[in-house]
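To start, the structure under review is shown below, and the notes come after it.
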Amino acid sequence: ADFDAKKKRKVAEIYQALNSDPIDVAALRRMAISEGGLLTDEIRCKVWPKLLSVNTDDLPPLPAGKELREDSKDYQQVLLDVRRSLRRFPPGMPDDQREVLQEELIDIILHVLKRNPQLHYYQGYHDIVVTFLLVVGDRLATALVEKLSTHHLRDFMDPTMDNTKHILNYLMPIIDQVNPEVHDFMQSAEVGTIFALSWLITWFGHVLSDFRHVVRLYDFFLACHPLMPIYFAAVIVLHREQEVLDCECDMASVHHLLSQIPQDLPYESLISKAGDLFVQFPPSELAKEAAQAAQAERTAASTFKDFELASVQQRPDTVLRQRFRERLRGEERLRGEERTKSILTKPRTNRFVKLAVMGLTVALGAAALAVVKSALEWAPKFELQIFP
């Protein structure tokens, strides 16, 4: 009963923010971040457009699908991906209803690509679009996805994966700030960050089987800075600290462990923790480490070819294993001395004290406000590329 009362109170607060003049977008962001997110799809239809500043009064009509399909160089690939997306629709949905939605999904994607020739389709994009389609319907989904594609997802939609790799380079510095032991273990295993690629580029839509969890995360990501999904990825790895450290310290084992995402994650506490980490270690502070990671990343795990393989959703494990073996032979000798040296000389501040003092307070608002503030400062600069 207490939960119901809390929920009712939150719904009332959301409608109050929607009905104030001007609309209280900062309050809506806080609601989307705090416990439970936006609660219902009905509310999401009203709030998501506000979080993306999309004007719902004047949505363009959707074009006829037939011409779109004939003109599009991406049609065949989109069609294949959408056909494979069965499990992204609610179990028990009648086939004919699902087929109509799949046709709409294809049209939304082709429409956004046609209107924005600078954007390049990538496999996994449809996982994001289908989430919007299921929550808000095709016309509104088209407008929201177009805005998202030119802003939050812009870096994934370049002709190469350089910017996507750049974002993945933030993962290890975040882990290092919170748990140096896990960081060093992953470095020793040379696992790289490919395991998080599909999480990042689909906003976890591809890997989580429960739709409720997916939309809860979308509430959070839409309200925050575009790099928040990489903080959330880091928090998932940190949450699995024990499993990681108990794993064999080699690339194949750690990659296999991490790429299987557990379905019973404590989402609310992870969201709260990701928000806290963002406030403590904002991207500007991690940028230098991320750039160094890029310099140091000449390992097999992160060569362009493996990224391509991973993004084509083949199993990269075998390729990685094979390259790993080839390189092991050549590097065994150097490795022992170098590693001891680097581990001994690496300065470690006592971060745990700092974390404890912060307390996990996103839900209480202090950190949420900071996240919101940085998201707002960031918004007008969106037109600039996220990364130079």
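Show me the ranking of peptides 155-162, 106-113 by mean Cβ neighbours inside 10 Å, starting with the highest. Show your work: numbers first, answer last.
Details: 155-162: 16.0, 106-113: 23.5.
Ranking, from highest mean packing down: 106-113, 155-162.
Just order 220-231, 39-50 by mean Cβ neighbour count inside 10 Å, highest at the front, would you? Write down the numbers at each step before the final one.
Details: 220-231: 24.5, 39-50: 18.5.
Per-residue Cβ counts within 10 Å, averaged per peptide and sorted highest first, yield 220-231, 39-50.
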**OP:** Could you tell me the distance between the Cα centroids of the stretch 259-298 and the stretch 230-253, to the nearest Å?
**Re:** 12 Å
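What shape does the stretch 1-86 take by its C-alpha gyration tensor, where a ≥ b ≥ c are the square roots of the eigenvalues and a/c under 1.5 counts as rounded, a/b above b/c as prolate, and the rest as oblate? All intermediate terms of the calculation are to be shown ahead of the outcome.
Working: a/c = 3.64, a/b = 1.98, b/c = 1.84.
Since a/c reaches 1.5 and a/b is larger than b/c, the shape of the stretch 1-86 is classed as prolate.
Which of rounded, prolate or oblate describes the stretch 161-313 when judged by the alpha-carbon gyration tensor and an a/c cut-off of 1.5? Before the final figure, lay out the partial values.
On the way: a/c = 1.30, a/b = 1.22, b/c = 1.07.
Cα axes put the stretch 161-313 in the rounded bin.
By how many nm would the segment from residue 86 to residue 163 grow when fully extended, if each residue of separation counts as 0.36 nm and the alpha-carbon distance is taken off?
Numbers: separation 77, 0.36 × 77 = 27.72 nm, distance 2.95 nm.
Roughly 24.8 nm would be gained on extension.
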**OP:** Once you have the Cα-Cα distance between residue 181 and residue 291, take 0.36 nm times their residue separation minus that, and quote the gain in nm to one decimal.
**Re:** 37.5 nm
**OP:** Quick one: Debye curve from the alpha-carbon atoms of the stretch 1-156 only, equal weights, vacuum; give me log10 I(q)/I(0) at q = 0.15 Å⁻¹ to two decimals.
**Re:** -0.86
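Read-outs: derived from the displayed coordinates by stated rules, not from any lab. On a predicted model such as this, the values are computed, not experimentally measured, just so you know. So basically every Cβ, Gly included, is an ideal-geometry build from the backbone, and we count neighbours across all protein chains shown.
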